[in-house]
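The values are calculated or read from the model by the stated rules, or taken from the named source; none is laboratory data. Note that the structure is a prediction, hence the values are computed from the model and not measured. Backbone-built Cβ (ideal geometry, glycine too); neighbour counts: all protein chains shown.
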Amino acid sequence: MIRTMQRKFRKSRGFTLVELMIVVAIVGILAALAIYGVRKYMASAKSAEAKNSLGQLSKDASSAYNREHMAAAILANGSSAGVSNAICKAAAATVPATAAGVKGSKYQSAATEWDAADKDTGWSCLKFSMAEPQYYRYSYTTSVWTGADGDKYEAKAFGDLDGDGTESTFEMDGEVRSQTVVVAPTIAETLPEE
């Protein structure tokens with residue numbers, strides 16, 4: 001009977017200190033991995049804004065090229081006007097204008113920042129704007145603008161998600177070839193999770 005009680009007592013003793021320390025260490029490792037994974041997921045979700053916006057900018061650049069850009073003058077009897085397709089000229093400024101606007105925060109742009117040019121220039125020509133707060137600042141530049149094949153544009157997004165002063169950059173390029181806008185097959189990324 002005493003032996004039976006000793007066996008029951010041994011079975012109901014609980015965990016040793018070593019066993020508890022091992023469990024705590026395992027939980028700590030799992031928590032560290034979860035925090036790292038969540039941070040990566042959050043940075044990836046935030047950088048999706050830049051990728052989606054650059055994709056939209058490229059579509060807008062192609063649509064703008066396919067619109068007629070000729071003068072709205074009356075043609076003389078018996079005369080004609082050729083098709084005049086052209087990519088949009090460069091936007092005068094990035095939105096927001098400085099990196100401080102998106103350094104570790106979101107920026108709410110004003111509609112006037114996107115409408116600062118004529119119908120053939122910048123954001124007005126592209127018909128691109130952002131109404132929601134943004135993590136990135138956007139630029140649209142043209143390296144060549146002749147209104148013919150060889151014209152090129154660059155659409156870029158710059159951001160500083162963690163506010164440390166190091167910017168991430170996303171870039172999408174396009175070029176006019178054979179009266180068609182050809183877009184790069186992917187977005188170039190530099191420090192995408194900064």
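Listed values, structure above:
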| read-out | value |
| --- | --- |
| Sole exception among (1) surrounded by fewer than 20 Cβ atoms within 10 Å (Cβ to Cβ); (2) of a type in the set (S, T, Y); (3) touching a helix residue (DSSP H, G or I) at 6+ places or on another chain (Cβ under 6 Å) for Y153, by number | (1) |
| Among residues of segment 157-183, those that are under 23 Å from C125 (Cα atoms) and either exposed (fewer than 15 other Cβ atoms within 10 Å of the Cβ) or without any contact (Cβ under 8 Å) to a residue 60 or more places away in the chain (or both), counted | 7 |
| Qualifying residue in segment 71-84 (condition: under 20 Å from E154 (Cβ atoms) and either touching a Leu at 6+ places or on another chain (Cβ under 8 Å) or surrounded by fewer than 17 Cβ atoms within 10 Å (Cβ to Cβ) (or both)) | no |
| Options A50, A92; residue that is assigned to a loop (DSSP other than H, G, I, E, B), closer than 30 Å to E167 by Cα and touching a Ser or Thr at 6+ places or on another chain (Cβ under 9 Å) | A92 |
| Flag for E19 being charged (D, E, K, R), farther than 14 Å from L126 by Cβ, modelled with pLDDT of 85 or more and more than 22 Å from the chain's Cα centre (by Cα) | yes |
| Verdict on S139 being free of Cβ contacts under 8 Å to residues at least 60 places away in the same chain, closer than 23 Å to Y65 by Cβ and small (G, A, S) | yes |
| Residues within segment 59-69 that are outside any loop (DSSP other than H, G, I, E, B) and either surrounded by fewer than 20 Cβ atoms within 10 Å (Cβ to Cβ) or of a type in the set (F, W, Y) (or both), tallied | 6 |
| Test result for G101, of a type outside the set (D, E, K, R), free of Cβ contacts under 8 Å to residues at least 60 places away in the same chain and surrounded by 12 or more Cβ atoms within 10 Å (Cβ to Cβ) | yes |
| Per-region count, segment 109-146, residues assigned to a loop (DSSP other than H, G, I, E, B) and either surrounded by 14 or more Cβ atoms within 10 Å (Cβ to Cβ) or at pLDDT 90 or above (or both) | 14 |
| Verdict on Y140 being over 14 Å from the mean Cα position of the chain (by Cα), within 14 Å of L57 (Cα to Cα) and of a type in the set (F, W, Y) | no |
| Selection status of A43, closer than 19 Å to E167 by Cα, surrounded by 12 or more Cβ atoms within 10 Å (Cβ to Cβ) and touching a Leu at 6+ places or on another chain (Cβ under 8 Å) | yes |
